[in-house]
């Protein structure tokens, strides 16, 4: 475990995120999650800056609360705007700490550009466990 604690986000994760925008219908976000086999999408504005995150749980909650009308509701109506972020130089130890103390499943690695957070990668509990097994 000590070895993976020192891995940086940059060393542990390929760069790239799947994104959507706030104005998109939930149905589009859900289809993208299914097509890409991911559990969340990072919500960005037109310039690619982080605005929030939408997860499968958010989609299920929308369906539960709104029935079939969930499909036409916007991502903005159901996304979480309070996203826990890390920097690319942060260690997996920091990621683990955040996942455990914040009771969350993923963090978004960002780079600051002109005062905006630009998402570069998403690290999940599954990524941490992968490195525990492969590098631990």
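The values are calculated or read from the model by the stated rules, or taken from the named source; none is laboratory data. Please read these numbers as outputs of a predicted model, since none were measured by experiment. Please note: Cβ atoms are built from the backbone with ideal geometry, for glycine as well, and neighbour counts cover all protein chains shown.
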- Run residue 104 past the list (1) over 15 Å from residue 10 (Cα atoms); (2) touching a helix residue (DSSP H, G or I) at 6+ places or on another chain (Cβ under 9 Å); (3) in contact (Cβ under 8 Å) with a residue 24 or more places away in the chain and report the number of the one that doesn't hold. (3)
- Query: Among the numbered criteria (1) part of a loop (DSSP other than H, G, I, E, B); (2) surrounded by 15 or more Cβ atoms within 10 Å (Cβ to Cβ), which single criterion is violated by residue 58?
  - Reply: (1)
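Rundown of residues vs (1) touching a residue at least 60 places away in the same chain (Cβ under 8 Å); (2) more than 13 Å from the chain's Cα centre (by Cα), yes/no style:
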position	(1), (2)
15	yes, no
30	no, yes
37	no, yes
47	yes, yes
50	yes, no
62	no, yes
74	no, yes
88	yes, yes
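Report the residue count in the stretch 14-37 for those that are assigned to a helix (DSSP H, G or I) and buried (at least 17 other Cβ atoms within 10 Å of the Cβ).
Of the stretch 14-37, the ones assigned to a helix (DSSP H, G or I) are 26-36.
From what's left, buried (at least 17 other Cβ atoms within 10 Å of the Cβ): 26, 29-30, 33.
Qualifying residue count, the stretch 14-37: 4.
Condition first: under 15 Å from residue 86 (Cα atoms) and surrounded by fewer than 17 Cβ atoms within 10 Å (Cβ to Cβ). Now tell me which residues in the stretch 1-13 satisfy that. Talk me through it step by step, then tell me what you get.
We begin by selecting, within the stretch 1-13, every residue under 15 Å from residue 86 (Cα atoms); these are 5-13.
5, 6, 10, 11, listed by residue number.
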- Specify the residue that is nearest to the chain's Cα centre (by Cα); the eligible residues are those in the stretch 95-121 that are part of a loop (DSSP other than H, G, I, E, B) and closer than 16 Å to residue 53 by Cα. 105
- Message: Tell me whether the stretch 87-94 contains one or more residues that are closer than 25 Å to residue 28 by Cα, in contact with a strand residue (DSSP E or B) (Cβ under 8 Å, 6 or more places away or on another chain) and either in a helix (DSSP H, G or I) or modelled with pLDDT of 95 or more (or both).
- Response: no
